[in-house]
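Undergrad: A single structure is presented below for examination.
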Amino acid sequence: MSKVNVPPGGPRPPPGSGTNSRPGEILRARNAAGKQAHSAPKAAYQRPHRVHTEGDEAAAFERHRKALLLDEASKNAELEVSSRSTQTEEEQEEARLKGINFDEERKKRGRRQDDQDDEPEDGEAAAQAAHAAAQKGYGSADGAGKYFQDGPIDHLGDLNLTDPNDMKRLLGPSVRFAQHAMVLAAERQRTGASRDDALAFLASLYVGVADRAYANKALREFGPATGIIDLYPLELVEHLLANVPGFCTKVQQGKFFSRAGDGSYRARAHEPIHLTYDPEVRIRGFALKQGPRPGYLFEPTDPPGSYQLTFFEPGRYNVLISGIKKDGWLLLDELACEISPGDDTLNLPEAVARERAAEAEPVEEVNSEGEAPKKKDDLTIHFPKRI
C-alpha cells in the first residue's frame, strides 16, 4: 500500500489519495453517501442517493415559457397583418390621423388648463353661469356674478308647483317630494274635491315622475317620514295596485290575518277584536278606508303574532293593514269590522281622550265686562296624532 508524501507548506492531497488506489475506494472516499453506505452494517438496504434535478426543471420551465410567449407574439402579429390587409389605404391613413389628433388635443387641454389657472376669472362668464342657475331654480338672478348670494327658493308647499318632474328637480330629496304631494292633495280636498278625486290626483303625482326608483322611494317615505294629513299611505298603495299594478315593487295584496267564519269581525264598541297572524310577518302600516274617525286603538299583545283592535263608536269599517315578510315582500290585507253599540259607561283610553280634547275647539269665555280673556302666550304647540 503506497503512501503519498505531503511536502511542507504544499497543497493538501485530494481525499482518498493516501488510501488504496482502487476506484471503488476512491469513490466512497469522495462521496458522503458512499461512506455512509460502506460503513453501514447492511449496505444493501440503504436508500439510494437523491438526484438533484431542480436546476434542470427550472431550465425546462423557462424554455417552455419562452416558447409560449413566442407563439402568442406570432399569433398577434398574424392578426395585425390580416387586419391591416383588410383595411384600405384611406382607413389606415384615417386611423393614423386620429392618433395624431388625439395626442395634439391632449396637449392642448393641458395648455388650456395651465392658462386658466394663470388667468383671472371672467366676470361675464360667471354672470352667465349664475343666470343659468337662477333659471333652473338654484339661485337668484339678482346675485349674478357675486360670490355671496341667497340660496335657491324653497318651493316646498308652493301650490303652483304641480308638475311631478319639476317637483323632483326643485325639491330634491324624495321625502320632500312626498311632503309636497301630500300638501297638494290636502289642498284639493279643502277646495271641494272628493276623497277619491284627491287620492287619484295624489297617485298621478307619483306615476308622473320619470324616475321610477325615485317615485317608489318617495312612496315608502310617505307616512313614516312625512306624517299624514288625511289620506292614508295604504289607501294610496291600494289605489296604485288596482290601477297601475306595475308601479309598486315587491308589493302585493295578500291575507296574513286569521279570518272569522264569514270573513268579517263583529264586536261592540269598546270591546277589543283579537287578531292573530304568522309571527314571522312584521306589521308595518294601518289605515281606515275612506278616512272615518271613530276613535280606535290598534296595539300588539301577547303572545307574539297577535294584535287587538278596539273601536269606540258603532259602525262598519274596512281596515287596511300591511305586513312585510322575510323575503322583503309587502302584503296588503283588508279586514271588515262590524261594530254595534256598546257600554257607554266605559271610559276612553287616556291617550284617545287626550287627543280628542286637544282637537276640540276651545270656547272663549266672556268676563263680566264683556271682554274675552287674554290668551296665554306660552308658545305651546300641539301636533294632533292618529291613535
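Undergrad: Ranking request for peptides 291-304, 92-105: highest mean number of other beta-carbon atoms within 10 Å first, then the rest in descending order.
TA: Highest mean packing first, the order is 291-304, 92-105.
Undergrad: Let me ask something else about it. Collect residues whose amide H, placed 1.01 Å from N in the peptide plane, falls under 5 Å from the amide H of Arg268; neighbours closer than 5 in sequence don't count.
TA: Ser340
Undergrad: Once you list every other residue whose beta carbon is under 15 Å from the beta carbon of Leu68, what net charge do they have if Lys and Arg are +1 and Asp and Glu are -1?
TA: +1
Undergrad: Taking a 20 Å limit on the Cα-Cα distance, which of the listed pairs Lys168/Lys250; Lys75/Lys98; Lys168/Lys326; Lys250/Lys326; Lys289/Lys326; Lys168/Lys325 fall beyond it?
TA: Lys168/Lys250; Lys75/Lys98; Lys168/Lys326; Lys289/Lys326; Lys168/Lys325
Undergrad: Under a crude label model (7 Å from the Cα following the beta-carbon direction), how far is Ser194 from Lys250 in nanometres?
TA: It is 3.6 nm.
Undergrad: Within a Cβ distance under 15 Å of Val251, other residues only, what is the Lys/Arg minus Asp/Glu net charge?
TA: +2
Undergrad: Something else: List, largest first, the extents of the alpha carbons of the range 231-281 along their principal axes, each in whole Å.
TA: Principal axes ranked by extent give 38, 27, 19 Å for the Cα atoms.
Undergrad: A follow-up question, please. Three principal axis extents, largest first, for the C-alpha atoms of the range 155-219, in Å?
TA: That works out to 31, 21, 16 Å along the principal axes.
Undergrad: For Met167, Met182, what's the largest-to-smallest order of accessible area, 1.4 Å probe?
TA: If we order Met167, Met182 from most to least accessible, we get Met182, Met167.
Undergrad: Please say if the range 198-237 is rounded, prolate or oblate, where rounded means a/c under 1.5 for a ≥ b ≥ c the square roots of the C-alpha gyration tensor eigenvalues, and otherwise the choice is prolate for a/b larger than b/c and oblate otherwise?
TA: In terms of gyration-tensor shape, oblate.
The values are calculated or read from the model by the stated rules, or taken from the named source; none is laboratory data. This is a predicted model, so every value here is computed, not measured. Positions of Cβ are generated from backbone atoms using ideal geometry, with glycine treated the same way; all protein chains shown enter the neighbour counts. The accessibility values were calculated without ligands, DNA or RNA, using every heavy atom of the protein model including side chains. Shrake-Rupley method; radii C 1.70, N 1.55, O 1.52, S 1.80 Å.
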